[in-house]
Amino acid sequence: MPKSKRNRPVTLSKTKKKGREHKEVIVNSIRQALEGYSSAYVFSFENMRNQKLKELREQLKPSSRFFLGSNKVMQVSLGRSAADEVKPGIHKLAKFLHGDSGLFFTKLPKEEVERLFKQFEEHDFSRAGSIATEKVELKEGPLEHFSHEMEPFLRKLGLPIRLNKGVIELVSDYIVCEEGQHLSPESARTLIIIFLESKGIFLFAEVAWDQNGYFSSPSHLQVEL
């Protein structure tokens, strides 16, 4: 009778070595990207979907590269302080790698990156500060098109929700905005998510760095897919 593969022992030393080697590959890849691309961005994301990110990666493959993974490993790749940074000023970028975030390396000029991010803004209601053209009210009941993983984010936006057997429910009617009123950042983001029915991913570019050591916060970089 053949031996079951399930019962084969795996030593912890081998597992640790493989994990260390994998981290080293990531560190080396990021440092190579620093040499091969003219600028780098830290971006944060919400409601990430692998297929959409894959499509974006393919679209930008000739000029850019994305990195997602352990924030700690990415920080080490860049350097956490001026003493161990691998490029002048790059350690400032590392400080923004926390939570759901990643690195975006590109050869595109800043203006082109801004155009890329902005071209997905198709709805006026997606902008905080704009005037609501109608009243939007969500009725009490299940929000079945959202996964349970969205619960903390929706709660942060102020929606009165609860989890019921893995389904997000509104415990009462909720007015997202009133006609003629300015949209708050929370209302604008809620409208984006509700009307796109959580079909996409949201990427927000936080800070930028270039080979001259220039460090800045992009004026307004946001992707909706």
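The values are calculated or read from the model by the stated rules, or taken from the named source; none is laboratory data. Just so it is clear, the structure is predicted and the values come from calculations on it, not from any experiment. Counting neighbours? That spans all protein chains shown, and the Cβs are built from the backbone with ideal geometry, glycine included. Side chains included, ligands, DNA and RNA excluded: accessible areas come from the protein's heavy atoms. Shrake-Rupley method; radii C 1.70, N 1.55, O 1.52, S 1.80 Å.
Can you name the condition, by its number, that PRO160 falls short on among (1) under 14 Å from ILE194 (Cα atoms); (2) in contact with a strand residue (DSSP E or B) (Cβ under 7 Å, 6 or more places away or on another chain); (3) touching a residue at least 12 places away in the same chain (Cβ under 8 Å)?
(1)
I need the full set of residues from region 51-89 which are in contact with a Phe, Trp or Tyr (Cβ under 6 Å, 6 or more places away or on another chain) and touching a residue at least 40 places away in the same chain (Cβ under 8 Å), in order please.
Listed by number, the residues that qualify are ARG65, GLY89.
Given region 66-178, what strands (runs of 3 or more DSSP E) lie entirely inside it while holding 3 or more residues that are open to solvent by 30 Å² or more (accessible area, probe 1.4 Å)?
Details: elements: 101-106, 136-138, 161-164, 167-170, 174-177.
Those strands (runs of 3 or more DSSP E) span 161-164.
Taking only region 34-47 into account, find how many residues are assigned to a helix (DSSP H, G or I) and in contact with a helix residue (DSSP H, G or I) (Cβ under 9 Å, 6 or more places away or on another chain). Spell out how you get there, then give the answer.
Keep residues of region 34-47 that are assigned to a helix (DSSP H, G or I), which gives 34-36.
From the residues that got through so far, the ones that are in contact with a helix residue (DSSP H, G or I) (Cβ under 9 Å, 6 or more places away or on another chain) too are 34.
Qualifying residue count for the region: 1.
Go through region 115-150 and count every residue that is within 29 Å of PHE66 (Cα to Cα) and modelled with pLDDT of 75 or more. If you could, list the steps in order and put the result at the bottom.
Within region 115-150, the first condition is being within 29 Å of PHE66 (Cα to Cα), and the residues that meet it are 115-128, 145-150.
Subset that is modelled with pLDDT of 75 or more: 128, 146-150.
Of the residues in region 115-150, 6 are within 29 Å of PHE66 (Cα to Cα) and modelled with pLDDT of 75 or more.
Scan region 90-105 residue by residue and report those that are in contact (Cβ under 8 Å) with a residue 40 or more places away in the chain and either under 20 Å from ARG31 (Cβ atoms) or more than 12 Å from the chain's Cα centre (by Cα) (or both).
Across region 90-105, the qualifying residues are ILE90, LYS92, LEU93, PHE96, LEU97, SER101, GLY102, LEU103, PHE104, PHE105.
Go through the residues of region 4-17 one by one and say whether even a single one is open to solvent by less than 80 Å² (accessible area, probe 1.4 Å), modelled with pLDDT of 90 or more and more than 28 Å from GLU111 (Cα to Cα).
No; the residues of region 4-17 include none that is open to solvent by less than 80 Å² (accessible area, probe 1.4 Å), modelled with pLDDT of 90 or more and more than 28 Å from GLU111 (Cα to Cα).
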